[in-house]
Every structure is written in C-alpha cells, then in structure tokens.
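K.L.:
Starting off with a structure, shown below.
Where a number appears in this text, it was derived from the coordinates with a stated rule and is not lab data. Predicted model only: the values in this text are computed from it and were never measured. All Cβ positions, glycine included, derive from the backbone under ideal geometry; neighbour counts span all protein chains shown.
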C-alpha cells in the first residue's frame, strides 16, 4: 500500500503554517485528535465536567485498550499520567532500594531520570553505574551482561535518547534482564509513535512514554506500562482514594491493576486526544511510520553531511528520526532562529539534557531536527538549503 503523505498532510492543519521538524519536542496534532480534545472540552462547557466524563465513559475507558494494543500489553497493565516524567517517577520511586543496590543505566540517559537516580542514591545508599558503550555509541549488551550480579536492583535506560539519533538495543537489554531476573525500566518517550514498541518483544518490566511527541497527541499526556506480577508487588510512592480505596477507618486496599499509579482527577479532554492519537498511529501502522521516518531522517543527515561547515553528531548503526548537528562558527540558538525566520521549526538540545554523553563527546548545544511521516522530502531539503545559506 502506498504511503499517502498528501492525505496525512490534509489532516494536519499545522503544515499550512510551518515546516515542522520538531516532532521530538511535540508533533503536530492531526485533525481527528484536535477534534477529540476540543469536542470534549465543548461538552464540558455545555453540560458540565462530571457529566461530560460520564457521557464519554466508554470512550475514555477505551483509551486503556488502545494503549495496551500499541504496546502489546494487557489493559490492566496500563496507567495514564499527565506526562511521561510523572509516569516514570511513579514507577521508579515505587522500587525499594537498599544500601549497595546497583542501578545500571546508559551514558546517554536523560537528565530527569538521572537526577532521580542521584536522589535515590543519596537517600538510600544505592549506587549508579553506567554501562559502557560499544564502538558505535550504543549501550554494549556484552558489557551489561558482565556487570550483572546479585546486587543489581534495576536496569533503567532510555531507548532513544533526546539527542544523537541513537537507538539503544532495548530488546537485547530485555533478554539479559529476564535471564537474570533484574527489573528493567525503559524510557520510550522518543520511540513511541515513530517505531513499533511492543513490550512482549522488548522484555521490559516497565515502559513509560508521552503522547505529545511522535505519537502526535496533546501535551499533558503520558502513560505507564508495568508488568502485572511486578505491579502487584509494588506500592506507589503516593496514593489517593482512587489508587487505593479507603475501605475501613484504619485501612486502604490498593487497586489490583496499574491504575494504582493514577489519581482521581485528570484531564479528560487530553485523554480523549491521547486515545485518538494512539488509534490514528495504529491505523497507519507503526512499521510503515518507521520506514518513512528512517527515509526522511537519512535524507536529512545526508544533506547536512554534504555541507563542509556542518557536523552531524548522531550515533548508532541504525539511527532514529532525531538528527542533531552543529554549524561551524554559529551557535545553535542562532541557527534555530534563522530557521524559524524561514518558517522551519527545530529545537536546541542542551548538553545538560544528556550530561554524561555531552561531556564524553565534548558536545556543544546542538540543533535538533526531527522529521515525521507527514513531512515531505522538499521540507527536509528546505532545511538543508537554509543552513547552507547561513555558511556560504
């Protein structure tokens, strides 16, 4: 089946206004997602918030089924959150650590996650250790295997880091974790929506992601997958009466499903948009989306590498649709501004977002461009042309 870019663009209002190559920040919502969000907000205004939620109860409940289908999981293993960081933190802080417990992570781990490691290490005496990379800059599974012992409490990595285009070998890590019975937490923020993300293939115990990036959902949405048998052994770090109904004056009972990690109040309009965004991606097919993203990002890298004043800083043998680069004698913010004046959206990736990787590679702030399936080859070429004009 041909990939109908024109149709997807016709359903994406934002492409009429900008060349949007900042999907690793926030993807452009397609019209059906926008309609779902606005439609629910309108009903809240017309009949009341509680009443609108009651009216849409079946659709809202179906969001769990949609996310479960996306991840190859069971609906009881899915919790919805206001963002991926909250989902990740709720899972991570539920894991009990003791002095000497080891947390194994990757060099390109995201700042929010690593700060949480540092806090838990300070509080509990756990230690953080970074798994070495292989020659292509990816986490080395063989090195990980050698590091495993009885004190390893958690393996926690980011699958596709915020910069560098890297895809860490998430499934290989899952095989090692399962073989040794180690809990495995996978941050899939930059992966979900641009490639298949099935937990039954990845072997992770926990996966967290956002709705706003390549999934093209609204901001303020995220979700958590937790394998059923692990979930039933963990108590969330914070509870309310939705997560743990108050059943007696001196007792509460945790919910039996992953919604023990939720609270009672949430943004129902945003959830409606998240569910529609997941369904939209599934209707297109994640394999087809991935192939399109690979082609566009490869074209962009090739175009940038052809410019003598540009350095592409991406890693790995099979990079994702996140392209990071620097321009000789130009700061990243200035390049971003020039592109914005030309109607092209990109972002700047700060060294502090992946501090260990930035220090190891001596990275400055980088320009980050992240094409998606609704972008065109002409849009990619336009970015290259504008960058070329800055250095010619």
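K.L.:
Quick one: count up the residues across segment 135-158 that are surrounded by 16 or more Cβ atoms within 10 Å (Cβ to Cβ) and outside any helix (DSSP H, G or I).
P.N.:
Here the count works out to 12.
K.L.:
Identify all residues within segment 81-110 that are part of a loop (DSSP other than H, G, I, E, B) and within 17 Å of residue 123 (Cβ to Cβ); write none if there are none.
P.N.:
Let us first name the residues in segment 81-110 that are part of a loop (DSSP other than H, G, I, E, B), namely 82-83, 93-101, 107-110.
Residues satisfying the conditions are 93, 94, 95, 96, 97, 98, 99, 100, 101.
Results for (1) closer than 24 Å to residue 89 by Cβ; (2) within 22 Å of the chain's Cα centre (by Cα), shown as yes or no for each residue.
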| site | (1), (2) |
| --- | --- |
| 250 | no, no |
| 254 | yes, no |
| 257 | yes, no |
| 264 | yes, no |
| 268 | yes, yes |
| 273 | yes, yes |
| 276 | no, yes |
| 282 | no, yes |
| 287 | no, yes |
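K.L.:
Just the residues that are touching a strand residue (DSSP E or B) at 6+ places or on another chain (Cβ under 6 Å), within 15 Å of residue 366 (Cβ to Cβ) and buried (at least 16 other Cβ atoms within 10 Å of the Cβ), please, taken from segment 315-343.
P.N.:
Across segment 315-343, the qualifying residues are 322, 323, 324, 325, 326, 327, 332, 335, 336.
K.L.:
Kindly indicate whether any position in segment 116-135 is under 25 Å from residue 70 (Cβ atoms) and either in contact with a strand residue (DSSP E or B) (Cβ under 6 Å, 6 or more places away or on another chain) or touching a residue at least 40 places away in the same chain (Cβ under 8 Å) (or both).
P.N.:
No; the residues of segment 116-135 include none that is under 25 Å from residue 70 (Cβ atoms) and either in contact with a strand residue (DSSP E or B) (Cβ under 6 Å, 6 or more places away or on another chain) or touching a residue at least 40 places away in the same chain (Cβ under 8 Å) (or both).
K.L.:
Need a quick list: helices (runs of 4 or more DSSP H) entirely within segment 159-275 having at least 2 residues that are in contact with a strand residue (DSSP E or B) (Cβ under 8 Å, 6 or more places away or on another chain).
P.N.:
Fully inside segment 159-275 and qualifying: 170-180, 199-202.
K.L.:
Here are the criteria: (1) in contact (Cβ under 8 Å) with a residue 12 or more places away in the chain; (2) farther than 30 Å from residue 342 by Cα; (3) surrounded by fewer than 17 Cβ atoms within 10 Å (Cβ to Cβ); (4) more than 22 Å from the chain's Cα centre (by Cα). Tell me which single one residue 3 does not satisfy.
P.N.:
So the condition that residue 3 fails would be (2).
K.L.:
Would you mind telling me which numbered condition in (1) in a loop (DSSP other than H, G, I, E, B); (2) more than 18 Å from the chain's Cα centre (by Cα) residue 129 fails?
P.N.:
Going through (1) in a loop (DSSP other than H, G, I, E, B); (2) more than 18 Å from the chain's Cα centre (by Cα) one by one, residue 129 breaks only (1).
K.L.:
For segment 43-74, give me the residue count where each residue is in a helix (DSSP H, G or I), farther than 22 Å from residue 214 by Cβ and in contact (Cβ under 8 Å) with a residue 40 or more places away in the chain.
P.N.:
Of the residues in that region, 6 qualify.
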